[in-house]
Structure formats: structure tokens, C-alpha cells
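Accompanying notes for the structure given below.
The values are calculated or read from the model by the stated rules, or taken from the named source; none is laboratory data. These figures come from a predicted structure and were not determined experimentally. Cβ: placed from backbone, ideal geometry, glycine included. Neighbour counts: every protein chain shown.
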Amino acid sequence: MTLPITEQENPATASIDRVSTLEAVRLINDEDKLVAMAVEKVLPEIAATVDAVVERLESGGRLFYVGTGTSGRLGVLDASEIPPTYGVSYDLVQGVIAGGYDALYKAVEASEDNREAGAEDLKSSGLTSNDSVIGLAASGRTPYTIGALDYARELGCFTACITCVPDSAITKSVDVAIVPVVGPEPITGSTRMKSGTAQKMVLNMISTVAMIRLGYVTGNRMTNVRAGNEKLRDRAVRILMAETGIDSKFEAEALLKKVNFSIRDALENRP
């Protein structure tokens, strides 16, 4: 049986256990350089996914990422960062990972083989036909993730996948398949490396551009940021000054304090 490309040995790093530390990190860096080029080749599919997701979000739908292991953790990570960055509800973008949230900090590898569990986890989230589901599976053959996508598609959701193996099983279960082919990993089968980097890059693009299309960014400024700590409050002050031309940090901060550091409210209620 031909192994998926993510499981094949990489001749470029065959001697990585016998070279110097500097050479070892150089070999990994050389492999990482290939990731951005692989992602560049699938930009049309990424854009199509963004447009479909935004259409659902504008109609009151939600976005779900589903995955196992590293892929699942990356989905949860991306979902968790959207609310503070763009000031949206934690329900809008959600990460679903096999094994539940315990799997975020310890391996629950057997859970990925349970196809029915993927569908059940989405059912428990109250999935509706107005939602979008993106499955993440580096190898493209994870039963849990495929089961979740099959259920979502039957329900009428928009579905997409991010995998690094072309023509893999998961690509047959979605409306749009995003397949950056990064090649064999520096350490054979360790898909937390190049495959994980590619998935993170694609997730960044999908969620960021979706939030831009929804109006939560002005220029390249996060004008709907939820300023929940000192660093973000300072950023909110700088954004307000840039957006309004206010040249006094104290004036901008005073205006933001009146509206609980909501930049959008400050812009709308500025005298």
C-alpha cells in the first residue's frame, strides 16, 4: 500500500540525527520554507471557503472547526482567539476536538478512530444547516473528523477541509477541499511540523478575512477589539487616536473609559 505523503520518509532529513544542532535546525527551517509555497497554491480554495463561511455568518450561522490531535488543537486555538481580537461572541467560532478539552493538553489518540463520536459532538453543539464546518486532518483519513463532516453535510451545512494529502478520504466529504501539499515531514509522520504549520496558516487566513468581511477591521486595525487587559487597552487608545486624529492619549483614554473601552462605541459617540 502506498503511504500518504505525510507518512513517507524525507530524504532531505535522513541524517538529521547525526548532524550538529545548527545543521539540524537549518534542515527543519529549509523544510518550513516549503510550507508557504504550498499554501500559495491553494489560495483560491481558501478564498472560496471564506466567502461561503461569511455568507453563513451574515445569516446568523456559526463556524465550527473539527479535528483530532494537533489538528484539533489548532482549531480550538484559532477559535479561542477570535472573540478577544474582534469583539465577537464565543459562540460564533467554535473548536471541536476528539476527546474533549482534556485532549488539549494530553494525548487522547484512540478517540480519533471513533467516526460516530464526531457526529455526536456536533449534534451536542446544536449544529444547524445555517452553520459551516471545517474539518482538519493532516493525513485526510481520520474517522472522527470525516464522521463529523458527513453529518454536517447531510444536515445542509457548508463544509470544507484542510488536509495535506491530495485525494484523501476527507476530500470526498466536503464542498471545498483545501489541500496544501507540504511533502514528507522532517521527522517521518510528525504532522505537528510542516502539516501543522500549513493548517495554522490557512486557519489564520480564513478567520481573519472572515472577520474583515464582517466589518470588524478598519484598514488593518482591529477596531472591534475587546480590550480586556492593559495591553489591549493601550492598543485601543492607539487605534482610536489613529482613527480619529485625536493627538492626546489622555483625551482618547478618557473617551474610551466612558464606553468601557469599546472602540466602536467611542467612534460612534465621539462629540
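Step by step: first the residues of the stretch 162-191, then only those that are among the polar types (S, T, N, Q) and touching a helix residue (DSSP H, G or I) at 6+ places or on another chain (Cβ under 6 Å), then the one that is nearest to residue 37 (Cα to Cα). Which residue is that? Going through the qualifying residues, I end up with 163.
The residues of the stretch 123-141 that are among the small types (Gly, Ala, Ser), over 14 Å from residue 157 (Cα atoms) and touching a residue at least 40 places away in the same chain (Cβ under 8 Å), listed by number, are 137, 138, 139, 140.
Every residue, every condition in (1) polar (S, T, N, Q); (2) surrounded by 14 or more Cβ atoms within 10 Å (Cβ to Cβ); (3) closer than 17 Å to residue 88 by Cβ, yes or no:
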| residue | (1), (2), (3) |
| --- | --- |
| 233 | no, yes, no |
| 237 | no, yes, no |
| 242 | no, yes, no |
| 248 | yes, no, no |
| 252 | no, yes, no |
| 259 | no, yes, no |
| 265 | no, yes, yes |
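Being modelled with pLDDT of 95 or more and either assigned to a loop (DSSP other than H, G, I, E, B) or within 30 Å of residue 254 (Cα to Cα) (or both) holds for only one residue in 196, 183, 228, and it is 183. Of all the numbered requirements in (1) part of a loop (DSSP other than H, G, I, E, B); (2) of a type outside the set (Asp, Glu); (3) farther than 19 Å from residue 175 by Cβ, residue 61 misses one, and that requirement is (3).
What residue, among those in the stretch 1-44 that are farther than 17 Å from residue 177 by Cα, charged (D, E, K, R) and part of a helix (DSSP H, G or I), is farthest from the chain's Cα centre (by Cα)? Filtering first and then ranking leaves 23. Evaluated against (1) over 19 Å from residue 50 (Cα atoms); (2) not in a helix (DSSP H, G or I), residue 252 falls short on exactly one condition, (2). Out of 208, 159, 142, one residue alone is surrounded by fewer than 23 Cβ atoms within 10 Å (Cβ to Cβ) and farther than 21 Å from residue 33 by Cα. It is 208.
For the stretch 162-173, the set of residues classified as surrounded by fewer than 24 Cβ atoms within 10 Å (Cβ to Cβ) and in a loop (DSSP other than H, G, I, E, B) consists of 165, 166, 167, 168, listed by residue number.
Yes/no per residue for (1) aromatic (Phe, Trp, Tyr); (2) at pLDDT 95 or above; (3) touching a strand residue (DSSP E or B) at 6+ places or on another chain (Cβ under 9 Å):
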{"position": "44", "(1), (2), (3)": "no, yes, no"}
{"position": "47", "(1), (2), (3)": "no, yes, no"}
{"position": "55", "(1), (2), (3)": "no, yes, yes"}
{"position": "58", "(1), (2), (3)": "no, yes, no"}
{"position": "66", "(1), (2), (3)": "no, yes, yes"}
{"position": "80", "(1), (2), (3)": "no, yes, yes"}
{"position": "96", "(1), (2), (3)": "no, yes, yes"}
{"position": "106", "(1), (2), (3)": "no, no, no"}
{"position": "110", "(1), (2), (3)": "no, no, no"}
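Within the stretch 124-137, one or more residues are part of a helix (DSSP H, G or I) and of a type outside the set (A, V, I, L, M, F, W, C).
Candidates 168, 132, 125: the one that is out of contact with any Leu (no Cβ under 8 Å at 6 or more places or on another chain), closer than 15 Å to residue 65 by Cβ and of a type in the set (S, T, N, Q) is 125. Only one residue in 234, 247 is in a loop (DSSP other than H, G, I, E, B), of a type in the set (D, E, K, R), without any contact (Cβ under 8 Å) to a residue 40 or more places away in the chain and farther than 21 Å from residue 74 by Cα, so which one is that? Being in a loop (DSSP other than H, G, I, E, B), of a type in the set (D, E, K, R), without any contact (Cβ under 8 Å) to a residue 40 or more places away in the chain and farther than 21 Å from residue 74 by Cα holds for just one of 234, 247, which is 247. Close contacts from the stretch 152-168, counting a first residue that is hydrophobic (A, V, I, L, M, F, W, C) and a second that is surrounded by fewer than 15 Cβ atoms within 10 Å (Cβ to Cβ) and modelled with pLDDT of 95 or more, with Cβ to Cβ under 7 Å and a gap of 6+ residues or different chains, come to 155/129; 157/129.
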